[in-house]
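Worksheet for the structure shown next.
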Amino acid sequence: MIHIDDYINDFSLLFSNLTNLQPWNITDNLKGIIEKAILTLDDNYTIKDNVAIHKTATIENGVTIKSPAIISENCYVGAHAYFREGVYLGNSVKIGPGCEIKNSIICSLTAVAHFNYIGNSIIGSNINFEAGSIAANHYNERVIMKISVLHNDEIIETGSEKFGSLVGDNSKIGANAVLSPGTILKKNTIVKRLELIEQVKG
């Protein structure tokens with residue numbers, strides 16, 4: 001079993017009701033999880049149509065945020081970013097122009113540069129994604145679409161056809177790097193520019 005707190009400090013304090021779930025179970029049900037979390041927010045958030053934006057957040061022109069979503073304190077979302085299928089941003093997260101974030105949790109102090117894609121993923125705190133890096137969530141090229149992950153030298157079948165990455169705190173993802181579906185990265189991991197991470201071969 002993967003314990004998310006081993007990768008992301010205090011994740012269980014942020015989402016206390018998710019402690020016993022695996023990462024793909026969370027992303028598969030993230031829309032409902034965020035909808036329930038919105039009901040607990042205070043009046044520091046502006047909430048409309050199941051999109052909650054903290055009053056200190058900066059949202060630039062041309063951003064599309066489809067419900068549900070929570071954009072927390074002091075976040076910055078650059079022009080023409082696109083959020084869909086349930087997105088949670090922790091405090092002081094920076095999302096650059098032209099990024100697409102789908103069905104993902106991104107924890108505090110993480111920066112995602114410009115023109116990145118993050119899908120069906122749980123991203124820890126204080127992580128930097130350089131420009132053009134991708135957390136892919138789907139194996140387009142495989143006959144068997146179900147995603148497996150490698151954890152402690154054991155292959156775990158997720159049973160899901162869409163799961164991106166679990167990225168531990170303080171990691172650095174280089175420009176134009178690709179995290180293949182089912183990537184699990186420990187804290188403080190460095191992924192080089194243009195590197196392909198494929199932990200389970202198809």
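The values are calculated or read from the model by the stated rules, or taken from the named source; none is laboratory data. Computed from a predicted structure; not experimentally measured. No Cβ is skipped: glycine too gets one built from the backbone with ideal geometry, and neighbour counts run over all protein chains shown. Please note that ligands, DNA and RNA were not included when accessible areas were found on the heavy atoms of the full protein model with its side chains. Shrake-Rupley method; radii C 1.70, N 1.55, O 1.52, S 1.80 Å.
For segment 93-202, what does the alpha-carbon gyration tensor say about shape, rounded, prolate or oblate, given a ≥ b ≥ c as the root eigenvalues, a/c under 1.5 as rounded, and a/b over b/c as prolate? Taking the square roots of the gyration eigenvalues as a ≥ b ≥ c, segment 93-202 is prolate. Distance between the modelled labels on ASN17 and VAL200, one decimal in nanometres: 2.8 nm (7 Å Cα→Cβ projection). Dimensions of segment 53-155 along the principal axes, based on C-alpha atoms and rounded to the nearest Å, stand at 43, 26, 25, largest first. First check a/c for segment 78-136, with a ≥ b ≥ c the square roots of the eigenvalues of its C-alpha gyration tensor; if it is under 1.5, answer rounded, and if not, answer prolate when a/b is larger than b/c or oblate otherwise. Verdict is rounded for segment 78-136. In segment 71-146, Cα pairs under 8 Å separated by at least six residues give a relative contact order of 22 percent. Most simply put, the chain has about 15% antiparallel DSSP beta bridges, counting only bridges with both residues inside it.
Structure note, pairs LYS55/LYS94; LYS102/LYS172; LYS55/LYS186; LYS48/LYS162; LYS66/LYS146: Cα-Cα distances above 24 angstrom occur for LYS55/LYS186; LYS48/LYS162; LYS66/LYS146. A crude spin-label estimate for the pair GLU154 and ALA111, with each label 7 Å from Cα along the Cβ direction, gives 3.8 nm. Evaluating 6.51 cos²θ - 1.76 cosθ + 1.60 at θ = phi - 60° for every residue in segment 122-139, the Karplus couplings come out as 10, 10, x, 8, 6, 10, 10, 9, 6, 4, x, 7, 10, 10, 6, 10, 7, 8 Hz, glycine and proline recorded as x.
Give the shape of the chain as rounded, prolate or oblate, defined through the alpha-carbon gyration tensor: a ≥ b ≥ c are the square roots of its eigenvalues, a/c under 1.5 means rounded, and otherwise the shape is prolate if a/b is larger than b/c and oblate if not. Prolate shape, in that a/c is at least 1.5 and a/b is the bigger ratio. Accessible-area rank, largest first, for GLU100, GLU85: GLU85, GLU100, with all protein chains present and a 1.4 angstrom probe. For LYS36 and MET145, the FRET efficiency from 1/(1 + (r/R0)^6), where r spans their Cβ atoms and R0 equals 25 Å, is about 0.30.
If both residues of a DSSP beta bridge must be in segment 52-157, then about 10% of such bridges are antiparallel. Dividing the mean sequence gap of close Cα pairs (under 8 Å, 6+ apart) by how many residues segment 107-202 holds gives a relative contact order of 27 percent. Can you give the FRET efficiency to the nearest 0.05 for ASN25 and THR58, using r as the Cβ-Cβ distance and R₀ = 25 Å? Given R0 = 25 Å and the Cβ-Cβ separation, E is 0.20. Helical runs (DSSP H, four residues minimum) scored at -39500 (n - 2.57) apiece and divided by the length of the chain put the mean residue ellipticity at 222 nm at -2000 deg cm²/dmol.
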